[in-house]
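Engineer: Could you have a look at this structure, given as structure tokens, before my questions?
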Amino acid sequence: MVNGKAGKFNIIPTIINIGSGLALMGAGAFFCDLVLLYLIKRSNFYRDKKFEEVK
């Protein structure tokens, strides 16, 4: 015997969930960059790899 609850597919909540997931991934990358640029001892190494210096 199988029990469950089914609903109709709606595109609007799907788009909202996908957008929220992408925004959270962007926020996660932002916070990781903050930690790597300002909070670790070897931040100069990461900064040199992340940014290109133009002379």
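Engineer: What does the helix-only formula give at 222 nm for the chain: each DSSP H stretch with n ≥ 4 adding -39500 (n - 2.57), the total divided by the residues, and the result rounded to the nearest 500 deg cm²/dmol?
Structural biologist: One gets -22000 deg cm²/dmol as the mean residue ellipticity at 222 nm.
Engineer: At a 10 angstrom cut-off on C-beta neighbours, averaged per residue, how do the peptides 27-36, 6-15 rank from highest to lowest?
Structural biologist: Top of the packing list down: 27-36, 6-15.
Engineer: Count neighbours as other Cβ atoms within 10 Å of each site's Cβ, and list the trypsin sites (Lys or Arg not before Pro) in the range 18-48 that are DSSP loop with at most 12 such neighbours.
Structural biologist: K41, R42
Engineer: Where the accessible area of the range 8-49 is counted over protein heavy atoms with a 1.4 Å probe, how much of it, in %, is carbon and sulfur?
Structural biologist: On the range 8-49, the fraction of accessible area on carbon and sulfur atoms equals 71 percent.
Engineer: Of the listed values [x] 21.9, 70; [y] 25.9, 70; [z] 20.8, 72, grab the one calculated as Rg and Dmax of the Cα atoms in Å from the structure here.
Structural biologist: Read-out from the structure maps to [z].
Engineer: Putting +1 on Lys and Arg Cβ atoms and -1 on Asp and Glu Cβ atoms, find which of V2, G26, P13 reaches farthest to the positive end of the dipole of the chain.
Structural biologist: Of the listed residues, the answer is V2.
Engineer: While we're here: Would you list, by chain and number, the lysines whose Cα falls below 21 Å from the Cα of K41, excluding same-chain residues fewer than 8 positions away?
Structural biologist: List returned: K49, K50.
Engineer: Right, here's the next one. How far is helix 11-38 tilted off the main Cα axis of the chain, in degrees rounded to 10, range 0 to 90?
Structural biologist: Taking the Cα atoms of the chain, the angle to 11-38 is about 20 degrees.
Engineer: Relative to the Cα centre, what is the charge dipole magnitude of the chain, using +1 at the beta carbon of each Lys and Arg, -1 at the beta carbon of each Asp and Glu, and rounding to the nearest 20 debye?
Structural biologist: It works out to roughly 140 debye.
The values are calculated or read from the model by the stated rules, or taken from the named source; none is laboratory data. Being a predicted model, the structure only gives us computed values, none of them experimental. Counting neighbours? That spans all protein chains shown, and the Cβs are built from the backbone with ideal geometry, glycine included. With ligands, DNA and RNA removed, areas are computed over all heavy atoms of the protein, side chains included. Shrake-Rupley method; radii C 1.70, N 1.55, O 1.52, S 1.80 Å.
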